[in-house]
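The structure appears right after this line, and notes come after that.
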Amino acid sequence: MAAVIRLLRLSSSSSLSLARRSLSTAVVTEAVKSQTYTQNPAPTAVDPKGRNVQWVFLGCPGVGKGTYASRLSTLLSVPHIATGDLVREELNSGSNLGKQLEDIVNQGKLVSDDIIISLLSKRLEAGEGKGESGFILDGFPRTVRQAEILDEVTHIDLVVNLKLPESVLIEKCLGRRICSQCRENFNVASINVKGENGRPGISMAPLLPPPQCVSKLITRADDTEDVVKERLRVYNEKSQPVEDFYRGQGKLLEFDLPGGIQETWPKLLEVLNLDEQDEKQSVAA
Ligand code: ADP
């Protein structure tokens, strides 16, 4: 399988730097071993800043993987690599491959493991050429086979599993908007779910665009109600086993979102043992 061989070649050509990266993040790996958290602080010994983390973000469509993975990538100075973005770039490029993928994506199905690994391996090779090290993967792995391949070629330190109730996920996907010019993501949904059966309520304010983006907002073709429901079904069938895969390795950090960005971001920093000081330094850098 050529795509996998390319990824394997990538890993073997940089095995020394990968080994160094693995060593530098060993503290994080040890700290998460055999533990899961639901909004509880991670052990205080964990300090991943500047360690070229190799993290994975899991979670259903609409949970906010992109938002939090992107913020953390800025904070930790590692690339945020979202396979959904790689797929959309291919669709927008007008290539033959992009045309083949369009129907699959717009029906809410998964692209084949071979194709997604080929796209990812190209992205990693390009990043390596620019001297990138470490990563936060978002939307990969999405099948157990992808997780096994990733395990064969590199070391994953931590897997963050973001969670929200399904009714909220659907509302959030339907409220998603992108500025066609600056490519920023916004959300016009105003979420207000009452707490019941011991579960706390969830409120999320909309994330509204600035005036200059309002007339340029577009919606993803796969963010219609039917397709979102199909993506959730596919997630439960194909991607939930990936959670079990990493749970078995003791790498899974479960994180129930307490609300919108204002409430969630500080709590996420807390469980990852990152603080505002890290954020200020990163922003100032
Ligand atoms: P979501 O909002 O559902 O998390 P993404 O932006 O991550 O969406 O992905 C969009 C689409 O790209 C998916 O529905 C799927 O068709 C394809 N895709 C992205 N990542 C993968 C992957 N790892 N394996 C297979 N298909 C993928």
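What follows is calculated from the coordinates using simple rules that are stated; it is not laboratory data. All of these numbers come straight from a predicted model, not from anything done at the bench. Every residue, glycine as well, gets a Cβ built from its backbone with ideal geometry; the counts of neighbours run over all protein chains shown.
May I ask you to sort 171, 230, 152 by Cβ crowding, counting other Cβ atoms within 10 Å and putting the fewest first?
Starting with the residue having the fewest Cβ neighbours, the order is 152, 230, 171.
Under a crude label model (7 Å from the Cα following the beta-carbon direction), how far is residue 166 from residue 240 in nanometres?
In this crude label model, residue 166 to residue 240 measures out at 0.8 nm.
Of 163/216; 65/251; 99/122; 122/267; 65/267; 109/172, which pairs sit farther than 24 Å apart, going by alpha carbon to alpha carbon?
With Cα atoms farther than 24 Å apart: 163/216; 122/267.
In the stretch 73-198, how does Rg compare with the Kirkwood Rh, expressed as the Rg/Rh ratio over alpha carbon atoms?
0.99
With the Cα gyration tensor of the stretch 108-168 in hand, convert its eigenvalues to equivalent ellipsoid semi-axes via √(5λ) and list them largest first in whole Å.
Whole-Å semi-axes of the equivalent ellipsoid: 23, 15, 12.
Can you pull the one-decimal nm distance between simple spin-label points at residue 215 and residue 267, each 7 Å off the Cα toward Cβ?
Spacing of the two 7 Å Cα→Cβ label points: 4.0 nm.
Compute log10 of I(q)/I(0) for the stretch 127-206 with the Debye formula, placing one identical point scatterer on every Cα and leaving out solvent, at q = 0.15, 0.18, 0.27 Å⁻¹, to two decimals.
-0.86, -0.99, -1.24
Kirkwood Rh and Cα-based Rg: tell me the resulting Rg over Rh for the stretch 213-271, rounded to two decimals.
Expressed as Rg/Rh, it is 1.10.
Could you go through the stretch 207-214 in sequence order and give the Karplus-derived ³J(HN,Hα) for each residue, using 6.51 cos²θ - 1.76 cosθ + 1.60 with θ = phi - 60°, rounded to whole Hz, and x for Gly and Pro?
9, 8, x, x, x, 5, 9, 3
Over the Cα atoms of the stretch 137-285, Rg to Rh with Kirkwood Rh, two decimal places?
0.98
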